Every structure is written in C-alpha cells, then in structure tokens.
Amino acid sequence: MKFRTETHVRHVPHTIDGVTHDVPERHSVTVPVLPRDWDRIALRAAASLVLALTLVSVIWSTYSIGVLLGRGIGFAAAVVFDLAWIVNILLEWLSRLAPAKRSFSKRLSWALLAATMGAILWHGLSLGSPALGVVGAGVSLFAKTLWFGVMRFIDRDLSEADAAWVQQEMSRANAALAVADVRRQVARAEDRAAVESLAAEQIHTYLSGSPHRVFASPANTAAEQPNIVTEQDGNEEPQRPTDVPLNSSNTREHSETTPSIAHLAREQLRSGVSNSVAVANILQVRPDANLYSVGATVRRERSKAAGYL
C-alpha cells in the first residue's frame, strides 16, 4: 500500500508571561493512498468520448434539419430534436429504479432517434446525395446508441424480490412526501381562512361602530383574558375605567409600557403557535394594531427565526 504525507494544522497551548493561548501548529500526517479505480477511470473516459461524439452529432443534425426547414428560425426548431433526446436520457437516468417509467423513456428515446435520423436522411436526399444522408443519420445512430450502452453499464440489475423491496421503500418515501405536502397546503389554507375571518370581523366592527372583537386561540380562554373589551347593550358608549384618569402623563406611560408588535410576535412564535393564532393573540393585547401589519410582522419574525433573513 502506498502512503502520502499531508500537512495538518492543530491548536496547542502556548504561554508567554503566564498567559496561555491556543495557537495553530503545523504537523505532518502519513495517510494511506487508495489504489486507482480503473473501472471508474474507464467509465469517465468512455462517457467523455461519447459526449464528444454526441456533440458532433448534435451539430450535424442541427445543421441538416435547419437547412431542411429553410435556415433562420429553422435552426432553432432543429435544436428541439436533440434537446428532447438529451432531456429524455436524463429522465431515463432519474427513473433507473422505476422499471415502468424507464421503459417509457427507452421507447421515447428510440422514437426521437428515428425522427432525427429520418430528417437527416431527408436532407441528404434533397441535396441529391444519399451518402450524405446515410452517413449523417449513422452518426446520430452511433452516438445515441453508445449512450444506451453507457446507461446499461452503469445500471444495477436487481432481482425480482430486491426490485419489489425497493419499490416498497420508494412508495413509503413518496407517501411521506405526499403527506407532508398535503399538511403544508392544509396549514396554509387554515392560516389564510383565519386571517380572512379576522379581516372580516374587523371590517364588520368598523362599519357597525362596535368595539373590537377578535378571535382567541383555544389556549387563551376568557378567564385568562379579563381585560378584553366586550360589546355594550344598545347604543350606549363603552364605559371607561374610572380609576385611571386619561391625562397626558398616563397616556405617555401607557405608550412606554405597551409592548411592540415585533416583541409580541417573537413571544408568540417562541410558544410554537401558528401564524394565525399568533395574529389573534397579538390583536387581543394590541387591538389598536392593523391586522395586515401584524400579519406581516409575524411572518417576518418567523422568517428571521428560521434563518431566512
């Protein structure tokens, strides 16, 4: 086995005048060298050669089909033939563990190859040179058939039992993804419905001239919120507390002690509630706040907490 020497950095204590700090120190480490993977090297070389041949095929087929379609915009249409085949090859690779999907990609690849070869052959015949058409079609055939060979080599054959086991695992993973997607859509719909309900309630309150009424979360009952304003009977004005005079000093003191919307949003999000519940709880504490501003603040604070901002 071969070895090589690598230089690593480690931190060691270093003391000067009784003060110790960890300082970097370089040291050499001998590590084993893995033998060359000639199979991987050969596969990369083969893929590179096939890629080069495919590039020649794409240029030839694009020129032939573009001329056949009258040049100009015809060249853009000609690119579609080869791009469609390349995309299908990628889809075949992605579906290598799903036999049904892969069989469709294989059939589509041969159909796209036949269409490209037919167009190249037609171009050669239109120029009065059958040899040009046959050779051009052969270039596409060789390049794309070699890709089939590369794909078949890197494929991993599975027994019937192993393939069934893999399909079960893929089905279970797909089911988990589907459930997560459905739950995300349901949560988004519920949040949207709650916000729209709050907006409708505020509009109704504004039009009717009645005091604020907001929706409370299940965890916040009326017993826990003793200071929520309720509707008065008839057209009487709501009674103000008689023990708190409304002078300028009290107003200033109230503004200084009233928590900000951002602070309330952070507290609500730390408790683990959803956006709609957080908005409802904040409006209970700050009924003077705007519904949409509160919603925007909650979403912004959640994004900050998640590390997106």
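The values are calculated or read from the model by the stated rules, or taken from the named source; none is laboratory data. The shown structure was predicted, so the numbers you read here are calculated from the model rather than taken from an experiment. Here the Cβ positions follow ideal geometry from the backbone for every residue, glycine too, while neighbour counts run over all protein chains shown.
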(Q) Looking for something under 30 Å from Ser126 (Cβ atoms) and either among the polar types (S, T, N, Q) or not assigned by TED's automatic domain parsing to the domain that holds Val134 (or both) - is there at least one such residue anywhere in the stretch 36-50? (A) no
(Q) Just checking, does the stretch 55-74 include any residue being of a type in the set (Ser, Thr, Tyr), in the same structural domain as Phe142 (by TED's automatic domain parsing) and more than 19 Å from Val135 (Cβ to Cβ)? (A) no
Q: Could you identify the single residue in Lys144, Lys106 that is basic (Lys, Arg), closer than 18 Å to Ser57 by Cα and surrounded by 11 or more Cβ atoms within 10 Å (Cβ to Cβ)?
A: Lys144
Q. Pick from Ile120, Ile59: which is over 22 Å from Met151 (Cβ atoms), β-branched (Val, Ile, Thr), modelled with pLDDT of 85 or more and more than 38 Å from the chain's Cα centre (by Cα)?
A. Ile120
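So that you can scan it fast, the table gives a plain yes or no per residue for (1) crowded, with 16+ Cβ neighbours inside 10 Å; (2) in contact with a Cys (Cβ under 9 Å, 6 or more places away or on another chain); (3) modelled with pLDDT of 85 or more:
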residue	(1), (2), (3)
Leu112	yes, no, yes
Ala115	no, no, yes
Ala137	yes, no, yes
Arg152	no, no, no
Trp165	no, no, yes
Gln168	no, no, yes
Ala173	no, no, yes
Ala176	no, no, yes
Arg184	no, no, yes
(Q) Which condition from (1) without any contact (Cβ under 8 Å) to a residue 40 or more places away in the chain; (2) closer than 24 Å to Trp147 by Cα is the one that Ala46 breaks? (A) (1)
Q: Find all pairs meeting these conditions: Cβ atoms under 9 angstrom apart; at least six residues apart or on different chains; first residue within the stretch 72-90 and more than 23 Å from Arg152 (Cβ to Cβ); second residue part of a loop (DSSP other than H, G, I, E, B).
A: Phe75/Leu69; Ala77/Leu69; Ala78/Leu69
